[in-house]
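Accompanying notes for the structure given below.
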Amino acid sequence: MPGSRILLTAIVFLLASPAVADTLVTENYTIEIQRNCGEGYVTCDDVSYHSKSHKSGNQLRLTGKTLSRMCADRETPCQFIGYEFKNGNTTYTVFDSGRLLVERNGKTLVDETGEWTYQ
């Protein structure tokens, strides 16, 4: 049936297209996270970070990875924790809970919590 074929094509297209970015909005930043790995990957070493400061308007783009708690075998990821991005000696960690933590040389520069919006 022609209608079924169109519907099936639309479903295949949606499943094949990359995931839409998730956005974390904190008091001072809006951060868009995009996982660039294929569907079904538990861990991903190709995650995009795009942040914009609400105060200055400055933007930052980084590439990072997912973070997971490992199972007892220390090889299998058991629980997704968030994302980690590095820019020189500065580490940006975006937690699944909505927490943004930015540290440089062990010193906390930003520690704030926001709300995820899923598109």
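Each reported figure results from applying straightforward, stated rules to the coordinates on display, with no laboratory input. Quick caveat: nothing in here was measured; it's all calculated off a predicted structure. So basically every Cβ, Gly included, is an ideal-geometry build from the backbone, and we count neighbours across all protein chains shown.
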Quick one: which residue in 109, 62 is of a type in the set (A, V, I, L, M, F, W, C) and over 13 Å from the mean Cα position of the chain (by Cα)? 109
Looking at the stretch 93-119 only, could you name the residues that are within 16 Å of residue 22 (Cα to Cα), in a strand (DSSP E or B) and touching a Lys or Arg at 6+ places or on another chain (Cβ under 9 Å)? 93, 113
Of the numbered conditions (1) in contact with a strand residue (DSSP E or B) (Cβ under 7 Å, 6 or more places away or on another chain); (2) farther than 16 Å from residue 116 by Cβ; (3) of a type in the set (A, V, I, L, M, F, W, C), residue 47 fails exactly one; give the number of that condition. (2)
Positions within the stretch 17-47 being buried (at least 16 other Cβ atoms within 10 Å of the Cβ), out of contact with any Ser or Thr (no Cβ under 6 Å at 6 or more places or on another chain), without any contact (Cβ under 8 Å) to a residue 40 or more places away in the chain and not hydrophobic (A, V, I, L, M, F, W, C), in sequence order: 30, 35
